[in-house]
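The values are calculated or read from the model by the stated rules, or taken from the named source; none is laboratory data. Note that the structure is a prediction, hence the values are computed from the model and not measured. Positions of Cβ are backbone-derived with ideal geometry, glycine not excepted, and every protein chain shown enters the neighbour counts.
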Amino acid sequence: MCGRFTQYRTRETYLDELPGDIQRTIVYDPEPTGRYNIAPGSRVLLLNQREDTLCLDPVYWGYGPEWWNKPPLINARVETAATGRMFKPLWQHGRAVVMADGWYEWKRVGNKKQPYFIYPASGKPIFFAAIGKAPYHQASGKEGFVIVTAASEKGLVDIHDRRPLVLRADAIPDWLNPATHPGQAQEIAHDASLPAEAFSWHPVSVSVGSVKNQGAALIDEADRPLG
C-alpha cells in the first residue's frame, strides 16, 4: 500500500523529468514543496490533463463517493481498478500522477513497527499512477484521488506486500491523455512501471508515524532501528 510519502523538491524539478513537448498551464515556482510526511486526508499537488494541457491542482488524497459510508479509500489495486464498481469510472476518465521522491512503509518487529523510507536508487523524482474524480480543478468534498498500487516483489516483499505503481516519466503523457483507451492504460500500467529492483530503502525514525512531524530528518537512516 502507500499511506505516507514525500514531495519535497521544487515542482520544476519534477516537471523537468517529463517529455519537453507537452503543453502546460503550470505557474513557475522555484520554491521547494518541502513536504516530508504527506498523509491521507491532506491536499496534494496532482498532475492531470484537461483537453490538451498538463495541469497541476491541489487535490484531496482520498476517495469516497456519496454512497460510500466508510472512511475514504486511499489506494486502488491495479489488478482490479479498471473493472471494479468503485474505480472503473475513475480509471476511464480520471487518470492522474502524483509527483514524489519516495514513500514510507512499516514492518512489524515484535510488537512494534519499524518505518522504512523507500526511494529510487537513481535519486531521481518518481511518479505514482493515480486515479480520481476529474475535473480536478472542480473537485470538492472527499471525492479526490487514490494512488494505484501493485504487488511487491523481491526484497520489497520483506517490508510490505503492496507498493505504489511508479510510472516511467516517458509514459506519463499517454497515461494522462484522455484519448487513451482504458485497455491501453492497463498496458501502460503493466509495461511502463518501474520494477522493485529500481528502489532502495533504509529504516528511519519512528517519529514519521506522527503527521505533526515534518522536515528532512525524517528520511535519514535511523541510527538505532528497531530489531
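Among the residues of region 78-90, what is the count of those that are farther than 18 Å from Ala151 by Cβ and surrounded by fewer than 23 Cβ atoms within 10 Å (Cβ to Cβ)?
Counting residues in region 78-90 that are farther than 18 Å from Ala151 by Cβ and surrounded by fewer than 23 Cβ atoms within 10 Å (Cβ to Cβ) gives 4.
This table checks each residue for (1) over 17 Å from Leu176 (Cα atoms); (2) acidic (Asp, Glu); (3) touching a Ser or Thr at 6+ places or on another chain (Cβ under 9 Å); (4) in contact (Cβ under 8 Å) with a residue 12 or more places away in the chain.
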position	(1), (2), (3), (4)
Arg35	yes, no, yes, yes
Asp57	no, yes, no, yes
Val78	no, no, yes, yes
Thr83	yes, no, no, no
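Of these, Ala189, Ala171, Ala216, which one is within 23 Å of Lys124 (Cβ to Cβ), modelled with pLDDT of 95 or more and touching a Gly at 6+ places or on another chain (Cβ under 9 Å)?
The match here is Ala216.
How many residues, within region 110-139, are without any contact (Cβ under 8 Å) to a residue 24 or more places away in the chain and on the phi > 0 side of the Ramachandran plot?
Residues that pass the stated criteria total 1.
Hey, could you check region 181-206 for residues that are in contact with a Pro (Cβ under 9 Å, 6 or more places away or on another chain) and of a type in the set (S, T, N, Q) and say which is surrounded by the fewest Cβ atoms within 10 Å (Cβ to Cβ)?
Selected residue: Ser200.
Just checking, does region 39-55 include any residue being among the acidic types (Asp, Glu) and under 20 Å from Trp175 (Cα atoms)?
yes
Pairs only if they're at least six apart or on different chains, beta carbon under 9 angstrom, first in region 211-223 and closer than 18 Å to Ser200 by Cα, second aromatic (Phe, Trp, Tyr) and part of a loop (DSSP other than H, G, I, E, B); list them, first residue then second.
Ala216/Tyr8; Ile219/Tyr8
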